[in-house]
Amino acid sequence: MHKLRLPVIRNTLAFAGLFQITHELIKWSVIERTKLFFGFVQVGDSNEWLGGDDAKSEYQDKVLSRAPKSPFRASLSWLVHMGALSDSQSIVLERIYLHRHDLTHELLKYVVDSSQSPDVELLLEAVSIFKSLDRFWLEVEVEIGMLDKFGDVSVEEIDSGTSLALTLCLQAYLEGLEQEI
């Protein structure tokens, strides 16, 4: 059985890990970076709103009010409103979440069942969505002057450290595939 060859199992496990990493980066970029935009920071073991209660209220009014029971959906709605993502990208994120959940909790079926394969196209969409989010947050940083110390920079010329880390993970995965062939 082709599925139970060690290189195939190794590739399936590596893919699942890469999908998980990509999903977590998207989640972080949607929820945590949105909160940071409104002034939420973690200082040691405590959390703090840099603008005090006004910043917290603004975040609640502009973001959380969009989907009070889900900070992810609320933040995602705000990001679509801000032009960081399209409506279609936000819809794809639900499929990405479901596939990540399935890969994480039902991984063995992808290892042994020849009718089950991880969704490579969905990973490519997830990476593209993360890059869109990353580009949006870099534009915000440029607009507020956080990158001024680097001179006149264009968002198209730079990548964030997080984006570079994801690219390295993708390269490592692809090189592993090439070595197995």
Name the residues in the stretch 155-181 that are loosely packed, with under 11 Cβ neighbours inside 10 Å, more than 22 Å from the chain's Cα centre (by Cα), of a type outside the set (Asp, Glu) and in a helix (DSSP H, G or I), would you?
Gln179
Taking the stretch 31-56 on its own, how many of its residues are open to solvent by 40 Å² or more (accessible area, probe 1.4 Å) and either free of Cβ contacts under 8 Å to residues at least 12 places away in the same chain or acidic (Asp, Glu) (or both)?
13
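Regarding Asp152, is this residue open to solvent by 90 Å² or more (accessible area, probe 1.4 Å), modelled with pLDDT under 95, farther than 26 Å from Ser86 by Cα and among the acidic types (Asp, Glu)?
Details: open to solvent by 90 Å² or more (accessible area, probe 1.4 Å): yes; modelled with pLDDT under 95: yes; farther than 26 Å from Ser86 by Cα: yes; among the acidic types (Asp, Glu): yes.
Judged against the criteria, Asp152 is a match.
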Looking at the stretch 1-30, which of the residues that are of a type in the set (Gly, Ala, Ser) and in contact (Cβ under 8 Å) with a residue 24 or more places away in the chain is farthest from Arg95 (Cα to Cα)?
Ala14
Write out, first by first residue and then by second, each pair whose Cβ atoms fall under 7 Å of each other, whose residues are 6+ apart or on separate chains, and whose first residue, in the stretch 57-80, is on the phi < 0 side of the Ramachandran plot and without any contact (Cβ under 8 Å) to a residue 12 or more places away in the chain while the second is outside any helix (DSSP H, G or I) and surrounded by 17 or more Cβ atoms within 10 Å (Cβ to Cβ).
Ala74/Val63
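Only residues that are without any contact (Cβ under 8 Å) to a residue 24 or more places away in the chain and not hydroxyl-bearing (Ser, Thr, Tyr): list them for the stretch 89-111, please.
Of all residues in the stretch 89-111, those without any contact (Cβ under 8 Å) to a residue 24 or more places away in the chain come to 90-91, 94, 98, 101-102, 105-106, 108-109.
Of everything in the stretch 89-111, those that are without any contact (Cβ under 8 Å) to a residue 24 or more places away in the chain and not hydroxyl-bearing (Ser, Thr, Tyr) turn out to be Ile91, Glu94, Leu98, His101, Asp102, His105, Glu106, Leu108, Lys109.
The values are calculated or read from the model by the stated rules, or taken from the named source; none is laboratory data. If you're wondering where the values come from, they're calculated on a predicted model, not measured in any experiment. Glycine gets a Cβ as well: all are built from the backbone with ideal geometry, and neighbour counts include every protein chain shown. Areas reflect the complete protein model, heavy atoms only, side chains present, ligands, DNA and RNA absent. Shrake-Rupley method; radii C 1.70, N 1.55, O 1.52, S 1.80 Å.
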